[in-house]
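Report on the structure given below.
Readers should treat all values here as calculations from the given coordinates under stated rules, not as data from a laboratory. These numbers were taken from a predicted model, which means no experiment stands behind them. Positions of Cβ are backbone-derived with ideal geometry, glycine not excepted, and every protein chain shown enters the neighbour counts.
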Amino acid sequence: MTVLGVVFGGALVACGSSGGSGGSGGSGGSPGGRPSAASAAASGTSSGTPSSVPSATRKPPNMAPGPAGLAPVLKRGPKSTAKVVALTFDADMTADEGERAAEGEHFDNPELIALLRRLKVPATLFMTGRWAEEYPAQARSIGTDPLFEIANHSYSHYAFTSSCYGLPTMGTDGIRGEVGRAFGAIRKTGARNVVPYFRFPGGCYDDDALRTLAAEKVTAVQWDVVSGDAFATDADAVAEQVLDGVKPGSLVVMHCTRSAAPVTAQAVDQVVPELRRRGYRFVKVSDLMRG
């Protein structure tokens with residue numbers, strides 16, 4: 001399988017922060033031919049419920065390591081692709097934020113998940129292991145709904161490179177343990193729709209991080225549209241930024257973290273109907289990669 005919109009190596013930087021937000025460019029390829037059931041559900045043409053979407057039962061595609069043994073990085077789909085777009089949401093929580101959660105800070109966003117279900121929008125959530133441990137019931141609910149899939153966002157949400165939006169930096173020796181620990185925490189909740197994709201905390205990586213990540217046999221997934229929802233208070237501005245940036249095959253990064261991204265649900269409620277009006281269908285990252 002040939003997947004366009006792929007880069008190997010290099011650094012990618014955007015709107016990450018130590019407050020539990022990620023950020024930077026990325027993308028995916030676009031499915032061709034007949035729309036999948038997930039795509040039909042996204043466009044509102046399916047008569048079934050999210051639980052009837054069969055694509056979640058198919059083995060998720062993955063990409064082989066690239067040149068010099070680096071993990072592959074999926075950035076975006078080809079510009080000539082059909083009108084499909086993948087919304088992705090980072091469920092951020094760093095390893096040291098448990099006390100803040102215990103004091104009532106919300107790193108989850110169940111209203112956003114409910115909205116996606118109501119609108120029948122397939123989505124990929126990049127979840128930290130610490131988030132899964134804090135909200136196991138939600139992780140299980142998301143990870144057993146065929147409308148969604150869960151990917152890996154590390155366990156601790158610590159940076160894999162230096163100078164990454166103030167995030168604590170992890171050494172190379174800790175990277176592999178982070179990925180495996182996160183997958184373990186996610187699966188421990190009972191989530192089943194877990195895909196072999198990884199998103200770097202803060203969107204920050206270099207060749208050393210990619211080389212270490214290659215041993216995990218995962219595809220690093222970034223994005224080409226930054227929503228700007230991290231710490232935003234104006235839902236209209238977030239929606240406008242997404243709508244201005246989306247192209248056929250785009251992959252949008254948003255957040256599933258109320259404390260760090262309080263207006264995401266309101267922005268999504270504007271983005272989804274407008275993109276559908278423009279002829280777009282929503283797909284998960286795995287559907288983008290299937291081509």
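Take every Cα-Cα pair in the range 188-263 and report what % of them are more than 19 Å apart. Here the long-distance tail beyond 19 Å is 52 percent of all Cα pairs in the range 188-263.
Residues whose amide H lies under 5 Å from that of Val225, counting only those 5 or more places away or on a different chain, are Gly26, Leu251, Val253; hydrogens are built 1.01 Å from N in the peptide plane.
Could you give the alpha-carbon Rg of the range 184-224 over 2.2 N^0.38 Å, rounded to two decimals?
Numbers: Rg = 11.9 Å, N = 41, 2.2 N^0.38 = 9.0 Å.
Rounded to two decimals, the normalised Rg is 1.31.
Among 105-113, 252-260, how do they line up from the highest to the lowest mean number of other beta-carbon atoms within 10 Å? It would help to have the intermediate numbers written out before the result.
On the way: 105-113: 18.9, 252-260: 26.0.
Descending packing order for the listed peptides: 252-260, 105-113.
Per the Debye calculation on the range 56-178 with a single equal scatterer at every Cα and no solvent contribution, log₁₀ I(q)/I(0) for q = 0.11, 0.15, 0.23 Å⁻¹ amounts to -0.49, -0.89, -1.43.
So, by mean Cβ neighbours within 10 angstrom, what's the order for 262-271, 191-200 with the highest one leading?
Details: 262-271: 21.1, 191-200: 22.7.
Ranked by mean Cβ neighbours within 10 Å, highest first: 191-200, 262-271.
Peptides 120-127, 236-243, ordered by how many other C-beta atoms sit within 10 Å of their residues on average, highest first, read 120-127, 236-243.
Cα centroids of the range 197-230 and the range 240-291: 19 Å apart. A simple count of charges around Ala68, restricted to other residues whose Cβ falls under 13 Å of its Cβ and scoring Lys, Arg +1 and Asp, Glu -1, yields -2.
Taking a quarter of the surface of the Cα convex hull of the range 141-291, what do you get in nm²? Don't skip to the answer; put the middle values down first.
Details: hull surface 38.5 nm².
Orientation-averaged projected area of the Cα hull: 9.6 nm².
Multiplying each eigenvalue of the alpha-carbon gyration tensor of the range 106-159 by 5 and taking the square root yields semi-axes of 20, 12, 10 Å, largest first, rounded to whole angstroms.
Listed here are the pairs Lys59/Lys188; Lys59/Lys83; Lys120/Lys284; Lys83/Lys284; Lys75/Lys247; Lys59/Lys284; which of them are more than 22 Å apart at the Cα? In this structure, Lys59/Lys83 lie more than 22 Å apart at Cα. Every Cα-Cα pair in the range 134-195 was counted, and those over 17 Å apart are 45% of them.
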